[in-house]
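Asker: Here it is, the structure in full.
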Amino acid sequence: MYVNCEVVGCKARVPQELEAEKRCVLHFTLELEQACMLMRRETAVGACTRERFSEMRQYIVEHGAQLARLATGGTGLTDETKARVLSTFLTLMNSRENIERIAARQDAERRIAG
Ligand SMILES: [Zn+2]
């Protein structure tokens, strides 16, 4: 059974690894980039709870694993798409670093305050 991308205006075929998301590779990576951008903004504007940091970590880990399965799963990807996947991995890695840096800073501030 073929699944098509559910993003409006996109009729691209969805690879097997992304059938649950109903997203083509392009839109899956775009949504990950967008989510990382929003997380970065969220951590920049104010304090996040430890639970929220945990959610962000989990999001990054799960989607990174999914992206890895897609990238190594034998789906024929163009060079352009491979480059996009690598770029999205870099965004995920940098987002994780950003979260750890800010979480550590907030922990230190809580220790000083408390
Ligand atoms: Zn699409």
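Taken together, the values in this text are just the output of simple stated rules run on the coordinates, not laboratory data. Treat the numbers as computed from the prediction; the structure is a model and nothing was measured. So basically every Cβ, Gly included, is an ideal-geometry build from the backbone, and we count neighbours across all protein chains shown.
Asker: Go through the range 48-56 residue by residue and turn each phi into a ³J(HN,Hα) via Karplus (6.51, -1.76, 1.60, θ = phi - 60°); whole Hz please, and just put x for glycine and proline.
Answerer: With coefficients 6.51, -1.76 and 1.60, one gets 10, 6, 4, 5, 5, 4, 4, 4, 5 Hz.
Asker: On average, how much area does the Cα convex hull of the chain cover when viewed from any direction, in nm²?
Answerer: One quarter of the hull surface, i.e. the mean projection, equals 8.0 nm².
Asker: Go through the range 92-99 residue by residue and turn each phi into a ³J(HN,Hα) via Karplus (6.51, -1.76, 1.60, θ = phi - 60°); whole Hz please, and just put x for glycine and proline.
Answerer: Values, residue by residue: 4, 5, 5, 5, 4, 4, 4, 4 Hz.
Asker: According to a simple spin-label model (label point 7 Å from Cα along Cα-to-Cβ), what is the distance in nm between residue 61 and residue 108?
Answerer: 2.4
Asker: Only counting other Cβ atoms within 10 Å, I'd like 1, 93 sorted with the fewest neighbours first.
Answerer: Lowest count first: 1, 93.
Asker: Quick one: if you stick a label point 7 Å off each Cα along the C-beta vector at residue 16 and residue 101, how many nm between them?
Answerer: Label at residue 16, label at residue 101, 4.0 nm between them.
Asker: Something else now. Which whole-Hz couplings ³J(HN,Hα) result when phi for each residue of the range 79-87 is put into the Karplus expression 6.51 cos²θ - 1.76 cosθ + 1.60, θ = phi - 60°, listed in order with x for Gly and Pro?
Answerer: Along the range 79-87, the couplings run 4, 5, 5, 4, 4, 5, 4, 5, 5 Hz.
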